[in-house]
Amino acid sequence: MTEGASTPSYPLSSRNRVKRRHDRGFYDHATVHRILDASMLCHVSYVIDGQPYCTPTFFWREGTRLYWHGSSASRMLEHQAEGQKVCLTVAHLDSLVLARCGFNHSADYRAVMAFGTAYLVTDPEEKQRAIVAMVDRFFPDRTATLRPSSTQEIKATSFIAMEIEEASAKVRAKGVADDDEDYELPIYAERIPVRAVLGAPEPCPRLLDGVTRPSTLDGYSEGRLLEDALRDAYFAEYPAG
């Protein structure tokens, strides 16, 4: 759905409206959030002194708010802490599309662009919650089993948050889509699915005797799609979505 009156959606503007192939555009919370929650990695774009930058970083979502973290000495975080406008993107490559002409070669994908104003998390309670969330959002209940972060580790880590002001998703999921007359040509065409699949866990060789893999990590099992594991972990931590 692109714009539904009964469905919570992000507002449309010239900034987030999908202009080319608008039929692939989605603005509803459900679609945008589902794409975001299927990833750990995002790219944050911003401008410092007229120079554009784009930084990859780990992130997570809480409702309509996004969080990411980094070193307190990071120039990126220092700049974003000043309340700068940023654009955060996530993209998933779902398939390679080989058509009957070069122009129609394509890819199936899901992507999100989210816009907002970044701010440094300074509230002690919110920062403590973020310290837990950056682990438990991906690995539910793990923080409680870990050594507590030291004062220096906490001091060295900064968190940036951004309320999503506007966002759009763009999705292609149609495989080969040739011109009608091209289907009569004796040319091979296909769709090649692309998936991020988990491998077999490799325990640390320095584990103490008797330390075993906890059942809370069962969601990250060999052969499982990463995005399925990430989504399940999200809803384990945030049941309300």
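The values are calculated or read from the model by the stated rules, or taken from the named source; none is laboratory data. Nothing here was measured: the structure is a model prediction, and the numbers come from that model. Note that we place each Cβ from the backbone using ideal geometry, even for glycine, and neighbour counts take in every protein chain shown.
I'd like the residue in the stretch 187-226 that is outside any loop (DSSP other than H, G, I, E, B) and not hydroxyl-bearing (S, T, Y) and, out of all such residues, is surrounded by the most Cβ atoms within 10 Å (Cβ to Cβ). Among residues in the stretch 187-226 that are outside any loop (DSSP other than H, G, I, E, B) and not hydroxyl-bearing (S, T, Y), the one surrounded by the most Cβ atoms within 10 Å (Cβ to Cβ) is R191.
Here R142 fulfils each of the conditions (1) at pLDDT below 95; (2) over 17 Å from the mean Cα position of the chain (by Cα) apart from (1). Only residues that are assigned to a strand (DSSP E or B) and of a type outside the set (A, V, I, L, M) were counted across the stretch 167-186, and they come to 3. The condition of being under 30 Å from K19 (Cα atoms) and either modelled with pLDDT under 95 or in contact with a helix residue (DSSP H, G or I) (Cβ under 8 Å, 6 or more places away or on another chain) (or both) holds for S168.
Of the residues making up the stretch 44-60, those that are surrounded by fewer than 20 Cβ atoms within 10 Å (Cβ to Cβ) and within 24 Å of Y220 (Cα to Cα) number 3. Considering only residues that are touching a helix residue (DSSP H, G or I) at 6+ places or on another chain (Cβ under 9 Å) and touching a residue at least 60 places away in the same chain (Cβ under 8 Å), look in the stretch 114-133 and name the one that is surrounded by the fewest Cβ atoms within 10 Å (Cβ to Cβ). Restricting to residues being touching a helix residue (DSSP H, G or I) at 6+ places or on another chain (Cβ under 9 Å) and touching a residue at least 60 places away in the same chain (Cβ under 8 Å), the top hit is A133. Selection of the stretch 126-157 for residues being under 22 Å from L217 (Cβ atoms) and not in a helix (DSSP H, G or I) yields R137, F138, F139, P140, D141, R142, L146, R147, P148, S149.
Every listed requirement among (1) surrounded by fewer than 18 Cβ atoms within 10 Å (Cβ to Cβ); (2) assigned to a loop (DSSP other than H, G, I, E, B) is met by R100 save one, (1). Just so you know, in the stretch 10-41 the residues that are of a type in the set (D, E) and modelled with pLDDT of 95 or more include one that is farthest from P56 (Cα to Cα), and it is D28. Among the candidates V90, V86, V18, the residue that is touching a residue at least 40 places away in the same chain (Cβ under 8 Å), in contact with a Gly (Cβ under 6 Å, 6 or more places away or on another chain) and either surrounded by 12 or more Cβ atoms within 10 Å (Cβ to Cβ) or part of a loop (DSSP other than H, G, I, E, B) (or both) is uniquely V18. Here A169, A200 are screened, and the one residue that is small (G, A, S) and under 21 Å from the mean Cα position of the chain (by Cα) is A169. Here the condition is being part of a loop (DSSP other than H, G, I, E, B) and surrounded by 18 or more Cβ atoms within 10 Å (Cβ to Cβ); of S95, S39, it holds for S39 alone. Of all residues in the stretch 194-225, which are without any contact (Cβ under 8 Å) to a residue 40 or more places away in the chain and among the hydrophobic types (A, V, I, L, M, F, W, C)? Once the filter is applied, which keeps residues that are without any contact (Cβ under 8 Å) to a residue 40 or more places away in the chain and among the hydrophobic types (A, V, I, L, M, F, W, C), the stretch 194-225 yields A196, V197, L198, A200, C204, L207, L208, V211, L225.
For the residues A111, A107, the requirement of being under 22 Å from K170 (Cβ atoms) and either buried (at least 19 other Cβ atoms within 10 Å of the Cβ) or touching a helix residue (DSSP H, G or I) at 6+ places or on another chain (Cβ under 9 Å) (or both) singles out A111.
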